[in-house]
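The values are calculated or read from the model by the stated rules, or taken from the named source; none is laboratory data. Please read all numbers here as calculations on a predicted model, not as lab measurements. Every residue, glycine among them, receives a Cβ derived from its backbone with ideal geometry; neighbour counts consider all protein chains shown.
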Amino acid sequence: MSRTLFKITAGVVALDLVDPAAVGYDPAWQAPGGKTLPTVRIADYDALTTGYGCQLVTGVVTATANTTTETIDGTWCDLPATEQIAGADSWAVAWDHYQDPTLADGLSSYLFEHAGKDAYLYVGCGGDGVPPVFIGVVTLSASSLGGGRSAARSQVTFQFKRKPDGQFGTALAWKVIPGDGSASTAGPPPGMAADAELVDAEA
């Protein structure tokens, strides 16, 4: 396989506050109304939030290894030892974004208002419904505000409540990997074009 480079040129994000009073609500939902990949779209989220992708400079879904070290005391027959115990990774999304506190309903305002609340998050690296796509539930936090004469930016990290669901590939060939460990599915979605820029190093 030749080297493949990935760039985000048409990314989108969307948020929607989790509403436990919603009809049929299940805490296992990863998207509003229990919708799933590959059919969930940003139209399923709060319309106010669907333009926030234009404020992002970078957006990264991160995994942090969860390991603990246990010390095993020596015995008459064995030397002391340490053992690494692996747990489930913790997941988060980290944003570097331009502040927009001059907008009444901008990203800065939304995060300030809803800090500490749980929200469904949609991250479409290639556009709406175009892989790679990640969905899940995060806990929102406010971003910093203020700066100088240059365009003010902020960095903020939202922790996922559990591992997100991911759709990898392109619009022509993709695979959905559920965060709960259930079986993955693959196939082409109907009638979509790939917007994410995949660059073949040998092209």
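When residues of the stretch 149-164 are filtered for being in a loop (DSSP other than H, G, I, E, B), among the basic types (Lys, Arg) and in contact (Cβ under 8 Å) with a residue 24 or more places away in the chain, how many remain? So that I can check it myself, show each step before the final result.
Going through the stretch 149-164, the residues in a loop (DSSP other than H, G, I, E, B) turn out to be 149-152, 161-164.
Imposing the further condition that a residue be among the basic types (Lys, Arg) reduces the set to 149, 161-163.
Checking which are in contact (Cβ under 8 Å) with a residue 24 or more places away in the chain leaves us with 161-163.
Of the residues in that region, 3 qualify.
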Output the residue which, of all residues in the stretch 44-62 that are touching a residue at least 60 places away in the same chain (Cβ under 8 Å) and of a type in the set (A, V, I, L, M, F, W, C), is nearest to Arg153 (Cα to Cα). Val57
Identity of the residue in the stretch 18-31, surrounded by 11 or more Cβ atoms within 10 Å (Cβ to Cβ) and either charged (D, E, K, R) or within 15 Å of the chain's Cα centre (by Cα) (or both), that ends up farthest from Lys163 (Cα to Cα): Asp19
Taking the stretch 50-65 on its own, how many of its residues are within 23 Å of Val176 (Cβ to Cβ) and surrounded by 17 or more Cβ atoms within 10 Å (Cβ to Cβ)? 4
Would the stretch 11-24 turn up any residue that is out of contact with any Phe, Trp or Tyr (no Cβ under 9 Å at 6 or more places or on another chain) and touching a residue at least 12 places away in the same chain (Cβ under 8 Å)? yes
Considering each residue of the stretch 72-105, count those that are modelled with pLDDT of 90 or more and closer than 23 Å to Phe134 by Cβ, and give that number. 9
Check the stretch 18-38 and report whether any residue there is under 19 Å from Gly124 (Cβ atoms), touching a helix residue (DSSP H, G or I) at 6+ places or on another chain (Cβ under 8 Å), at pLDDT 95 or above and not in a loop (DSSP other than H, G, I, E, B). yes
Here's a check for you: in the stretch 149-184, which residue that is over 18 Å from the mean Cα position of the chain (by Cα) and basic (Lys, Arg) is surrounded by the fewest Cβ atoms within 10 Å (Cβ to Cβ)? Arg149
Could you check the stretch 165-180 and list, in sequence order, the residues that are modelled with pLDDT of 95 or more and part of a loop (DSSP other than H, G, I, E, B)? Pro178, Gly179, Asp180
Could you please find all residues in the stretch 39-75 being outside any strand (DSSP E or B), of a type in the set (Asp, Glu) and out of contact with any helix residue (DSSP H, G or I) (no Cβ under 7 Å at 6 or more places or on another chain)? Asp46, Asp73
When you check Ala14 against the structure, is it out of contact with any helix residue (DSSP H, G or I) (no Cβ under 6 Å at 6 or more places or on another chain) and among the small types (Gly, Ala, Ser), yes or no? no
